[in-house]
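Each reported figure results from applying straightforward, stated rules to the coordinates on display, with no laboratory input. The model shown is predicted, which means the values in this text are computed figures rather than measured ones. As a convention, Cβ positions derive from the backbone with ideal geometry for all residues, glycine included, and neighbour counts pool all protein chains shown.
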Amino acid sequence: MGNIKKTTEITLPLHLGGGKVAVPEHGLADAMEAHLLYYFAVFGESLPPDGLWEHILGEVEKPLLKVALRAVGGNRIKAAKLLGINRNTLRQKCLNRHVDPDNL
């Protein structure tokens, strides 16, 4: 019984898509570490391909941009303020990560 992981689910507000989402028991850092360990394990004795930093940033940055924009109804100025970045930086990050603020 001690090996059973507790999963917490929360119901999302409608402006974030509604529905339920599982929340990692120990937070984002632990969930990321577990995913990174899994990712490295996939390659066995080898290492993942070069460019890991950009790959992982993309995995985190894209959903962060999408959720932040969804939370403010697509308002780029509010999303930039929420994220603590300049509006032009937000625009560039959305272009780089293929996030369309008008189609969330």
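Please give the charge dipole size of the chain, origin at the Cα centre, charges +1 on K and R Cβ atoms and -1 on D and E Cβ atoms. Round to the nearest 20 debye. Spell out each step's value before the answer.
On the way: 13 positive and 11 negative charges, 149 e Å.
About 720 debye.
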Size of electric dipole in the stretch 44-104: Cβ of Lys, Arg +1 and of Asp, Glu -1, about Cα centre, debye, nearest 20: 620
Among A31, V42, G17, flag the residue with its Cα farthest along the positive direction of the charge dipole of the stretch 1-48, charges on Cβ as +1 for Lys/Arg and -1 for Asp/Glu. G17
Any helix of the chain counts here only if DSSP assigns it H throughout, its Cα atoms span 27 Å or more along the axis, and its mean Kyte-Doolittle hydropathy is at least -0.5, and such helices are 52-71
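For the chain, what is the convex hull volume of its Cα atoms per residue in Å³?
Looking at the chain, the number lands at 134 Å³ per residue.
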Along the principal axes of its C-alpha atoms, what lengths does the stretch 1-48 span, in descending order and rounded to whole Å? 44, 32, 15
For the chain, what is the calculated [θ] at 222 nm in deg cm²/dmol (nearest 500), taking -39500 (n - 2.57) for each run of four or more DSSP H residues and dividing by its residue count? -16000 deg cm²/dmol
Taking R0 as 35 Å and r as the Cβ-Cβ distance between A71 and L47, the FRET efficiency 1/(1 + (r/R0)^6), rounded to the nearest 0.05, comes to 0.45
